[in-house]
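Heads up, the thing below is written out as structure tokens.
Laboratory data are not the source of any read-out in this text; all were calculated from the coordinates shown. Note that this is a predicted model, so its numbers are computed, not measured. Methodologically, a virtual Cβ is constructed for each residue, glycine included, from the backbone with ideal geometry; neighbour enumeration extends over all protein chains shown.
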Amino acid sequence: YTLGANVCYKYQTGATASLCLRKEATKRGDVTDQCRVDEPKPAVSSAAAPVQVTSLTQRPTGKNEVSFTMIVENVGKGDVYPANFIQTNAQCLEKPELKNKLQVALSFADNRPTIVCPVLANSNKGTIQLIQGKAILSCKIDTSQEQDTTFTRSPNIQVNYVYKDLVS
């Protein structure tokens, strides 16, 4: 016989990437610019965890708006549940209606500029659902109050969830 047990544990994955911002994001860049708003971003830095932010891209989408899209992915072998899953399910049993849901929160250190994500009801935090192990999250940054020259800012990305694994 092989004996197995379900193990559920709370997890928080942190990630960050350098975004290039400026007022009038669609304006053509100068040679002296610190970065380019319309250039793909280097690899995102994500903590070693079963759920990771595996990619992040940005582009100007309006005069004073920069959009970025990130992919959140279950890179482990277990199942993902919302962060409150253990409180409501002490036995760590399968709950298909809650599976593949997790909480995400995105912000800059001083909450400036603001980040809004349409799929999160135009908020910067909420629940996303993984489909076939992945979720694509697109968000917008209002740059109307930012400086005219380019600069980099790194948003704090937090993904909160419970990870359910079978241990044998």
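A compact table of results
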quantity	calculated
Selection of trypsin sites (Lys or Arg not before Pro), the range 70-124, meeting DSSP coil and at most 15 other Cβ within 10 Å	K77, K99
Principal axis dimensions, the range 5-83 - Cα atoms, whole angstrom, descending	59, 20, 15
Contour minus Cα-Cα distance for S123 and Q12 (0.36 nm per residue)	38.0 nm
Where only alpha carbons of the range 1-46 are counted, the Rg and the Dmax (Å)	21.1, 68
D (Stokes-Einstein, µm²/s), Kirkwood Cα radius, the range 77-116, 1.306 mPa s at 10 °C	129 µm²/s
Subset of K95/K140; K63/K101; K101/K140 violating a 26 Å alpha-carbon distance limit	K95/K140; K63/K101
Positive-pole candidate from N160, S18, A109, dipole of the chain, charges at beta carbon	N160
Radius of gyration and maximum dimension Dmax of the chain, Cα, Å	18.4, 68
At most 16 other Cβ within 10 Å, DSSP loop - chymotrypsin sites (Phe, Trp or Tyr not before Pro), the range 1-68	Y1
Label-point separation in nm, D110 to T2, each point 7 Å along Cα→Cβ	5.5 nm
Helical contribution to [θ] at 222 nm, DSSP H n ≥ 4, -39,500 (n - 2.57), averaged over the chain, rounded to 500	-500 deg cm²/dmol
Length-normalised contact order for the range 57-151 - Cα pairs under 8 Å, 6+ apart - percent	35 percent
